[in-house]
Number of protein chains: 2
Amino acid sequence: MIDEQTARERVVSAADRLFYARGVQAVGMDAVRSESGVSLKRIYALFPSKEDLIVAVLRHRTDRWNAGVTDAVDGAGTPRERLLAVFDFLAGWFREDDFRGCAFINVFGELGGGSDRIAEAVREQKESFRRQVADLVRAAGGPGHLAPQLVLLAEGAQTAAAISRDPDMAGHARAAADTLIRCALDDAGEPAAAA
Amino acid sequence: MIDEQTARERVVSAADRLFYARGVQAVGMDAVRSESGVSLKRIYALFPSKEDLIVAVLRHRTDRWNAGVTDAVDGAGTPRERLLAVFDFLAGWFREDDFRGCAFINVFGELGGGSDRIAEAVREQKESFRRQVADLVRAAGGPGHLAPQLVLLAEGAQTAAAISRDPDMAGHARAAADTLIRCALDDAGEPAAAA
DNA sequence: TTGCAAAGAGAACCAACGTTCTCTACTGTA
DNA sequence: TACAGTAGAGAACGTTGGTTCTCTTTGCAA
């Protein structure tokens, strides 16, 4: 018998895979059982309801997302490059075979109106991303209003890439971000340096 | 007895209201019946399946969206103002009481992976919006790459506004769009006019 | 008035799903 | 070997929802 921690991880990661690929409501708990190899009885001992499982999946995905962004950013040099690295991270993600848009946006559209706990978990992820970007902007010496603008580009790229199936949306977002960053930094820091 | 056209309109507009407010899968055909006042038998004569009804609702919403954008744009003067009017249109929408994000993005997250026809209807709306913006950019003398950048801002604003419940996302998007437009027009048209 | 065709109300049907329950198999212990 | 307790497999339960069917009503023509 596997221990509780292992069982929990297997269930969450199986559910994450299935929910992301097919949507939450389209996946029955029975599918989570066969994908995870953990019995229904055990699943319900770990997560009292499907809603609890969904929230756990969202939190797990938030952690993975934060780590992914942090990794990508840490590989870049200057503060400006670190900001743009966020969009390179998106570009790599959009090219993955199983890319199906932002899981948080998808779940919010599906269930956000009906479950406060789920809506809250989605909000937390978006808020933590906003903070990450705001920290990067601050480190680059950019003005406060730059962060939400870059966040909007990233959000838009995720939905547009999912719907259009065009992974180059990340390129468009990156180019726009580059322009916004240049304008903001040049206006604030060195007055009228580059064109 | 109401005529076919009227019945169709009542069903589509009732379904639209319910789907948008609660999500598609959360709304049963019985709810559509009571909201529209059209019998189930008649509904199924007009729309052979729920999927057909969903597609009809999406097309109807596409028409309304296009008309709304066109109206907003037509009220503006210069080509540059006409581009920004798109974001003013968003700002008004985000402030509506029943705003719950972009219906197309919501439906795509919920069912886009499982139904090609629904995914296609969503794609058509996004593509028609992209064309609208591209036309405005061209009229303003902007470069081709500006349109997808503005579209990403609009898309991002819609999801961010829905999730964060902060209607000022439209303001952020508008400010970013203003910067992008200024940079693009100044780079292309008059070389280095404004800072 | 009688008969008929169409339409509405809502029951019925069937499948899916979240959740719980039962029965069996297995583990460790005396 | 006998036993107690636990866990898994999967059946069972109750609800919901998409779709169809039935029965009654209605409006109209002769």
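Between the helical axis of A:169-188 and the longest alpha-carbon principal axis of chain A there is an angle of about 40 degrees. Where in the range B:94-114 is the amide nitrogen less than 16 Å from a point lying 7 Å along the Cα-to-Cβ axis of A:A26? Only B:105-114 pass the distance filter.
Using alpha carbons only, how many degrees (0 to 90, rounded to 10) separate the axis of helix B:4-22 from the longest principal axis of chain B? Taking the Cα atoms of chain B, the angle to B:4-22 is about 70 degrees. Applying Stokes-Einstein at 25 °C and 0.890 mPa s to the Kirkwood radius of the range B:49-188, computed over alpha-carbon pairs, gives a translational diffusion coefficient of 157 µm² s⁻¹. Of the Cα atoms belonging to the range A:1-48, the radius of gyration and Dmax stand at 10.0, 30 Å.
For B:K41, a cut-off of 16 angstrom between C-alpha atoms picks up these lysines, skipping any fewer than 8 places away in its own chain: B:K50.
Between B:P48, B:P79, B:P143, the residue with the greatest mean-square fluctuation in the GNM of chain B (Cα pairs under 10 Å linked by springs) is B:P48. Nearest 10 degrees is fine. How inclined is helix A:146-164 to the longest principal axis of chain A, computing both from alpha carbons? Helix A:146-164 sits roughly 50 degrees off the main axis of chain A. Positive-end ranking of A:A176, A:F104, A:L152 along the dipole of the range A:58-195, with charges on Cβ about the Cα centre, is headed by A:F104. When the Cα convex hull of the range B:1-132 is projected onto planes of every orientation, the mean area is 8.8 nm². Comparing A:Q125, A:Q149, A:Q158 in a Gaussian network model of chain A, where Cα atoms under 10 Å apart are tied by springs, the biggest mean-square fluctuation is seen for A:Q149.
Measuring with a 1.4 angstrom probe and ignoring ligands and nucleic acids, B:C102 comes out at about 10 Å² accessible. For the protein assembly as shown, dividing the convex hull volume of the Cα atoms by the residue count gives 143 Å³ per residue.
Sorted from closest to farthest, the other copies place their A:S128 label points 3.9 nm away, with each point set 7 Å from Cα along Cα→Cβ. Length available on full extension from A:E81 to A:D116: 0.36 nm per residue minus the Cα-Cα distance, which gives 8.9 nm. Our helix-only sum for chain A, with -39,500 (n - 2.57) per DSSP H run of n ≥ 4 divided by its residues, gives a mean residue ellipticity at 222 nm of -24500 deg cm²/dmol.
The values are calculated or read from the model by the stated rules, or taken from the named source; none is laboratory data. The structure presented is a predicted model; accordingly, all values stated were derived computationally and were not measured. Using ideal geometry, Cβ is built from the backbone for each residue, glycine included, and neighbour counts are taken over all protein chains shown. We work out accessible area using only protein heavy atoms, side chains counted, and drop any ligands, DNA or RNA first. Shrake-Rupley method; radii C 1.70, N 1.55, O 1.52, S 1.80 Å.
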